[in-house]
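Chemist: Below is one structure. I have some questions about it.
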Amino acid sequence: MPLTETGPDSKIEYLSILNEDGELDKELAPQFTDDLLLKGYRTMLLARRFDERRLKLQRSGRIGTFAPVNGQEAAQVGTISALREDDWFVPSYRETAANFWRGTNPADMLVFDAGYNEGIVIPEGARNLPNSVPVGTQMLQAAGIAYAARLEGTGEVAMTYFGDGATSQGDFHEALNFASVFDCPVVFVCQNNQYAISVPRARQTRSQTLAQKALAYGMDGIQVDGNDIFACFAAADDAVRRARETFRPTLIECVTYRLEMHTTADDPSRYRDEEEVEKWEKRDPIERFGSLLRERGLLDDGSLEDMEAKIAETIDAAWDEAEKRIEKAEGVSAIFDHILEQETHEQVRQKQQMSDGLGGVSGYG
Amino acid sequence: MAELTMVEAINLALRQEMEQDEKVVILGEDVGWDGGIFRVTEGLVEQFGEDRVIDTPLAESGILGFSIGMAIHGMKPVPEMQFSGFSYLGFHQIESHASRLRWRSQGRFTVPMTVRMPYGGGVRALEHHSESREVFYAHMPGLKFVVPSGPRNARALLVAAIRDPDPVVFFEPKKSYRAFREEVPDEDEPAEIGPASIVRPGDGLTMVAWGSMLPATLEAAERIAEEEGAEPEVIDVTTLAPLDYGTVAGSVKKTGRCVVVQEAPLTYGPAGEIAARLQEEAFLRLKAPVARVAGPDVHMPYFAREKSYLPGAERIIQASRAALHY
Ligand SMILES: Cc1ncc(C[n+]2csc(CCOP(=O)(O)OP(=O)(O)O)c2C)c(N)n1
């Protein structure tokens, strides 16, 4: 019997539109209004400055641990901006920039970071799911949402976010498989930031790319320069269109880098060297985008200063508001909220006992 | 009214709910053309099509996570785990997402899904096919956990579970699937998730059981009544979360004695929880310590020895006598 070939006929493409020197590939570049370009830039800058403030707040004990987005702003804003408002956003825990694009209020986020569920306020009408912490698990929900949307003929698409480490989880594979078998209009956005806490990408998989995993499930996969907002948008826009028109899912791998620590509980100097970080700092997605905007005359020193000042004001106001809400968040009864539609007898009893200042939640009769 | 087995009664509940609410969908391994390996979903794909009775890839986490997504979007999925012993491959989807989504989204999103799974021993099955681990699910806030004991309440409770706005885990005692028939009304029968029911009134001793343990407990109760001259009151706990402590405590205040029967291993099981609560609510009325009849703290043995593991009428009678003569 002769040896013949079989298998997928596609190759993984790598897309880059705005290179490291700020040069744009005019043929591939998507067209945007000036306003939209500036909105994208502002959202990225807000996320970066917000993290800087959060780091100070965390170090002074005002808020808890969080996962900085620093370095991944283009991957997030580029992809999320391809969605319509009525589409679904199914995030992991690092999607600060994408959340801002989707209307999440910075003050709410700070109340959440300070440890209060009340900070989870999903903007009116937005189909934003709350952060998912167990790595990889949320992708299946995105596939299920997309499946229901197709059945109900609503034309909605779901977009879900995760890291390179998540691609090792069984749920990642189950999600891609379900999405493809059942024609789910879902876009899987992998932010390959090179590390899962301390473990480098090379320790997650021997696959040449993460995007190629799509081929095994019979769907399209593409790798993009994740620090290039145009490439991220173009790939996502294409994937969203395909999802809307043909219900086929897509896996997008955004090759990017986490410039900060994994979370505030982590010390990256233990597992990566400064040289590597410096190399990636030269590819900073905000600076790259900024230089294009300057070249186009949309940004200059003066207007950037204005923008920075407004962002600082926004963040100051958010923290003022958050502090007030945190001060008022007293009493234990809130911990019983939203567990089930109707509180159980037992919850009512336990809430009463705790409000009465009893130590435990059970005791004598 | 027809005399149905539990399998037929559950099938009836699924069919009627699917007929009257097109948001109800079934998904799982072999639930479609095969009708489920226990035939619980028999005939449904023929009637409702492959979009509503979905044969999925073999992936428990996939089935549950996908269902959660559908539920978030407003559907009412009824996923099936082929055996409760395999639900652990998707356990994290129930714990991390289904039970928490309402809370985690401050009430914005809910997960109205019903996860059905056969549980328990007594059918001489393979390893992983026979265990009873109800405490895993009963221990989880944000989840309701129902265990019917016969065809009639299985049908009524499954309907209630499917209509419930919150996630429900529905344990089906596979030993009782075809063991006996009961009259099941054709039309809807309202049931409430939560309340336990007194299935045999009495005043000499309270016996508490659920699911697969109910038939043996009722058998033991008859023998105790004959041989000891004390009338046991038997309570069927059809819901383990939220648990109806009131009915059990009320009965024990009257009888002063209690035997709780569970198929699960003894340690940390629901019987321990019930005993602790009785100790708080009826301490001065107790005339004997609360007795627990349970499986030993071992894995369910391979089938040749499963009978020695499973609590049966003899062990229940022994514990009841001890409680009566304390
Ligand atoms: C199921 C699960 N296991 C372990 C963890 C602990 N943990 C949190 S983040 C993380 C690394 C995730 O890396 P990756 O998927 O690459 O995403 P990134 O944090 O880099 O964005 C780990 C191990 C978790 N949250 N969930």
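Listed here are the residues, each with its yes/no results for (1) over 18 Å from A:P134 (Cβ atoms); (2) buried (at least 19 other Cβ atoms within 10 Å of the Cβ).
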{"site": "B:G90", "(1), (2)": "no, yes"}
{"site": "B:I94", "(1), (2)": "no, yes"}
{"site": "B:G107", "(1), (2)": "yes, no"}
{"site": "B:R116", "(1), (2)": "yes, yes"}
{"site": "B:E127", "(1), (2)": "yes, no"}
{"site": "B:R133", "(1), (2)": "yes, yes"}
{"site": "B:A138", "(1), (2)": "yes, yes"}
{"site": "B:K144", "(1), (2)": "yes, yes"}
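Chemist: Are there any pairs with C-beta distances below 8 angstrom linking a residue in region A:122-141 that is on the phi > 0 side of the Ramachandran plot and in contact (Cβ under 8 Å) with a residue 24 or more places away in the chain to a residue that is in a loop (DSSP other than H, G, I, E, B) and within 16 Å of the ligand (Cβ to nearest atom), with the two at least 6 apart or on different chains, and if so which?
Modeler: Note: pairs meeting the criteria are A:G136/A:Q169.
Chemist: Look through region A:166-223, keep the residues that are within 18 Å of the chain's Cα centre (by Cα), within 11 Å of the ligand (Cβ to nearest atom) and of a type in the set (A, V, I, L, M, F, W, C), and return whichever of them is surrounded by the most Cβ atoms within 10 Å (Cβ to Cβ).
Modeler: Per the criteria, the residue is A:C190.
Chemist: Can I ask one more? How many residues does region B:34-80 hold that are surrounded by fewer than 19 Cβ atoms within 10 Å (Cβ to Cβ) and within 15 Å of A:M139 (Cβ to Cβ)?
Modeler: Looking only at that region, the number is 1.
Chemist: Being buried (at least 24 other Cβ atoms within 10 Å of the Cβ) and over 20 Å from A:T344 (Cα atoms): is that true of B:E231 here? Steps first, please.
Modeler: On the way: buried (at least 24 other Cβ atoms within 10 Å of the Cβ): no; over 20 Å from A:T344 (Cα atoms): yes.
So B:E231 fails the test.
Chemist: Let me ask something additional. All but one of (1) surrounded by fewer than 21 Cβ atoms within 10 Å (Cβ to Cβ); (2) more than 25 Å from B:T114 (Cβ to Cβ); (3) touching a helix residue (DSSP H, G or I) at 6+ places or on another chain (Cβ under 8 Å) hold for B:Y245; state the number of the condition that does not hold.
Modeler: (2)
Chemist: Residues that are within 14 Å of another protein chain (Cβ to nearest Cβ) and either in contact with a Lys or Arg (Cβ under 7 Å, 6 or more places away or on another chain) or in contact (Cβ under 8 Å) with a residue 40 or more places away in the chain (or both): does region B:120-132 have at least one?
Modeler: No, that holds for no residue.
Chemist: Residues to consider are B:R292, B:R277; find the one that is assigned to a strand (DSSP E or B), in contact (Cβ under 8 Å) with a residue 24 or more places away in the chain and surrounded by fewer than 24 Cβ atoms within 10 Å (Cβ to Cβ).
Modeler: Going through B:R292, B:R277 in turn, just one is assigned to a strand (DSSP E or B), in contact (Cβ under 8 Å) with a residue 24 or more places away in the chain and surrounded by fewer than 24 Cβ atoms within 10 Å (Cβ to Cβ): B:R292.
Chemist: Only strands (runs of 3 or more DSSP E) wholly contained in region B:225-272 count here; list those with 1 or more residues that are closer than 16 Å to B:G202 by Cβ.
Modeler: Qualifying strands (runs of 3 or more DSSP E): B:232-236, B:258-265.
Chemist: With the condition being free of Cβ contacts under 8 Å to residues at least 24 places away in the same chain and of a type in the set (S, T, N, Q), I'd like the strands (runs of 3 or more DSSP E) fully within region B:1-107 carrying at least 1 qualifying residues.
Modeler: none
Chemist: Another one. If only one of A:L251, A:L259 is within 15 Å of the ligand (Cβ to nearest atom), closer than 25 Å to A:Q58 by Cβ and among the hydrophobic types (A, V, I, L, M, F, W, C), which one is it?
Modeler: Numbers: A:L251 fails: closer than 25 Å to A:Q58 by Cβ.
Of A:L251, A:L259, the one residue that is within 15 Å of the ligand (Cβ to nearest atom), closer than 25 Å to A:Q58 by Cβ and among the hydrophobic types (A, V, I, L, M, F, W, C) is A:L259.
Just so you know, all these numbers are worked out from the coordinates, no wet-lab data involved. Everything quoted here is computed from the prediction, not taken from an experiment. As a convention, Cβ positions derive from the backbone with ideal geometry for all residues, glycine included, and neighbour counts pool all protein chains shown.
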